[in-house]
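**Q** I have a structure here, written as structure tokens, and I will follow up with some questions on it.
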């Protein structure tokens, strides 16, 4: 078995013809005969006992060809992998088979996608906008206010309800005078002002006192569930009990209760430091991504479709694993987001292509720069990851392949080459106060409070899967093309994702 010809085509694809000699083809036919002879009935012979020549004479010389070719394919692919000198992507596709007369061998034509040839443009000495990093006092105040709310005492209130109170209510909704499914609740604790129910519901409870009953005349939002959207509704509500939040005093004692610090000033300083660190991380990521956009724009490469399709699959699988980590069923998530898995995957195409281009650029930079990763580097990375995720190193090694760790280290160092040689531009005046928001690490299932009429799960998400895509793009795995660390592996195979 040998490669007869190898012709490169556009978009980094190649057509390879593998020649199967007579002996190899005859051996494959023999294996096919043994495999299916029990399935062939020949008069005068028990099943499985008819000689091969008799079966070929009765059913034709090609009777075993299909199974013979199936048996040959693994060897054909191995030959292509070992002898073509090409870096093949995905699984090759057989496009043609030419069997010589008299079973004297065969030519098998295979189409393969290969790693594209990369021509880099400028990747050193670039410049990009880097947001200014600051932690306004107002944000520190907001952080502390949130902590005070989380540590507030809940006490019974004998007064009319106001925004921020917790109202314990019974309610039932009626459309056209008839109750509807999911529109009833008892002793439901509703924080007024939380936006948990449809617009107007919480506002109309304000002013009620314990024991009071009230009919709330409202209209369902147009983007609510189809059978209720835009319809008038009457909620019969009884306020069983009213609770108010008593905030703790803002003093040193509060700081001691909610932190490791002895004074409020020390606590504020710690919040400021953490905000600055988070903002710095976000600003660095924005700067790096802007630089990589310029690197990719200047790069020349014909990306095979198979490479993008593979990245799309990897991204979807990684997102599904992440949902499972949080106890969410992917199918239920897509249903809640009102997007089909197929649409969700297709919405990943543009970002997946960018991920592939960034990865290829960084791989090429690592090659040009002669970046090498030592065994010690890999071992140290394993130790760092194991410590971060509270795992034993040996267990981590079972989940994350050494070649993936090496690849991640290479592209991170390549990214560092780009970043370290770049210069930062100041953001325009109008953008200096728009500090980047830290990403929420938790994937939101969008299901809301079960049974509470109120806000539908997909209300603000749209129907095209954009929010789902944004959630998916937050996922990180070992092969992503950036200087970020991989997240804890959820299963033995690490997939590639984009740097955000």
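The values are calculated or read from the model by the stated rules, or taken from the named source; none is laboratory data. These figures come from a predicted structure and were not determined experimentally. Cβ: placed from backbone, ideal geometry, glycine included. Neighbour counts: every protein chain shown.
**Q** Output the number of the condition that residue 231 fails; it satisfies all remaining conditions of (1) buried (at least 16 other Cβ atoms within 10 Å of the Cβ); (2) assigned by TED's automatic domain parsing to the domain that holds residue 170.
**A** Evaluating residue 231 over (1) buried (at least 16 other Cβ atoms within 10 Å of the Cβ); (2) assigned by TED's automatic domain parsing to the domain that holds residue 170 leaves (1) as the failure.
**Q** Check whether at least one residue in the range 263-272 is outside any helix (DSSP H, G or I), within 30 Å of residue 152 (Cβ to Cβ) and either at pLDDT 95 or above or outside the structural domain of residue 357 (by TED's automatic domain parsing) (or both), and report yes or no. Lay out the reasoning, then the answer.
**A** Applying the first criterion (outside any helix (DSSP H, G or I)) to the range 263-272 yields 263.
In the following step, the residues that additionally are within 30 Å of residue 152 (Cβ to Cβ) were identified as 263.
Adding the requirement that they be either at pLDDT 95 or above or outside the structural domain of residue 357 (by TED's automatic domain parsing) (or both) leaves 263.
Yes, the range 263-272 has at least one match.
**Q** Now, a different point. Just the residues that are part of a loop (DSSP other than H, G, I, E, B) and surrounded by fewer than 17 Cβ atoms within 10 Å (Cβ to Cβ), please, taken from the range 308-341.
**A** First, pick out the residues of the range 308-341 that are part of a loop (DSSP other than H, G, I, E, B): 326-329, 337-340.
Selection gives 326, 327, 329, 340.
**Q** How many residues are under 23 Å from the mean Cα position of the chain (by Cα) and either exposed (fewer than 15 other Cβ atoms within 10 Å of the Cβ) or part of a loop (DSSP other than H, G, I, E, B) (or both) when one looks only at the range 350-386?
**A** Residues that pass the stated criteria total 1.
**Q** Let me ask another. Within the range 82-101, can you find the residues that are assigned to a helix (DSSP H, G or I) and either surrounded by 14 or more Cβ atoms within 10 Å (Cβ to Cβ) or touching a residue at least 12 places away in the same chain (Cβ under 8 Å) (or both)? Before the answer, list the steps.
**A** Let us first name the residues in the range 82-101 that are assigned to a helix (DSSP H, G or I), namely 82-83, 101.
83 - this is the single residue of the range 82-101 that is assigned to a helix (DSSP H, G or I) and either surrounded by 14 or more Cβ atoms within 10 Å (Cβ to Cβ) or touching a residue at least 12 places away in the same chain (Cβ under 8 Å) (or both).
**Q** Let me spell it out: the conditions are (1) in contact with a strand residue (DSSP E or B) (Cβ under 8 Å, 6 or more places away or on another chain); (2) assigned to a strand (DSSP E or B); (3) without any contact (Cβ under 8 Å) to a residue 24 or more places away in the chain, and residue 181 meets all of them except one. Which number is the exception?
**A** (1)
**Q** Kindly indicate the residue of the range 200-226 that is out of contact with any strand residue (DSSP E or B) (no Cβ under 8 Å at 6 or more places or on another chain) and surrounded by fewer than 11 Cβ atoms within 10 Å (Cβ to Cβ) and also modelled with the lowest pLDDT among those meeting that condition. Walk me through how you get there before you give the answer.
**A** Our first condition is that a residue be out of contact with any strand residue (DSSP E or B) (no Cβ under 8 Å at 6 or more places or on another chain); within the range 200-226, this holds for 203, 206-207, 221-226.
Add one more test, that the residue is surrounded by fewer than 11 Cβ atoms within 10 Å (Cβ to Cβ), and what stays is 222, 226.
Values: 222: 90, 226: 82.
The extreme case among them is 226.
**Q** Answer yes if at least one residue in the range 18-36 is touching a strand residue (DSSP E or B) at 6+ places or on another chain (Cβ under 6 Å) and part of a loop (DSSP other than H, G, I, E, B), and no otherwise.
**A** No.
**Q** Taking residue 110 as the residue in question, decide whether it is modelled with pLDDT of 80 or more, within 30 Å of residue 359 (Cα to Cα) and assigned to a helix (DSSP H, G or I).
**A** Working: modelled with pLDDT of 80 or more: yes; within 30 Å of residue 359 (Cα to Cα): yes; assigned to a helix (DSSP H, G or I): no.
It is false that residue 110 is modelled with pLDDT of 80 or more, within 30 Å of residue 359 (Cα to Cα) and assigned to a helix (DSSP H, G or I).
**Q** Moving on to the next point. Testing residue 180 on (1) exposed (fewer than 13 other Cβ atoms within 10 Å of the Cβ); (2) closer than 24 Å to residue 217 by Cβ, one condition comes back false. Which one is that?
**A** Status for residue 180: all satisfied but (1).
**Q** While we're looking at this one, here's another question. Only one of (1) under 47 Å from the mean Cα position of the chain (by Cα); (2) under 17 Å from residue 70 (Cα atoms); (3) surrounded by 15 or more Cβ atoms within 10 Å (Cβ to Cβ) is not met by residue 35, so which one is it?
**A** Answer for residue 35: the failing condition is (3).
**Q** Within the range 121-146, how many residues turn out to be assigned to a loop (DSSP other than H, G, I, E, B), surrounded by fewer than 17 Cβ atoms within 10 Å (Cβ to Cβ) and touching a strand residue (DSSP E or B) at 6+ places or on another chain (Cβ under 9 Å)?
**A** Step one: filter the range 121-146 for residues assigned to a loop (DSSP other than H, G, I, E, B), giving 121-126, 130-136.
Checking the rest, the ones that are also surrounded by fewer than 17 Cβ atoms within 10 Å (Cβ to Cβ) come to 121-122, 124-125, 132, 134, 136.
From what's left, touching a strand residue (DSSP E or B) at 6+ places or on another chain (Cβ under 9 Å): 121, 125.
Total satisfying the criteria: 2.
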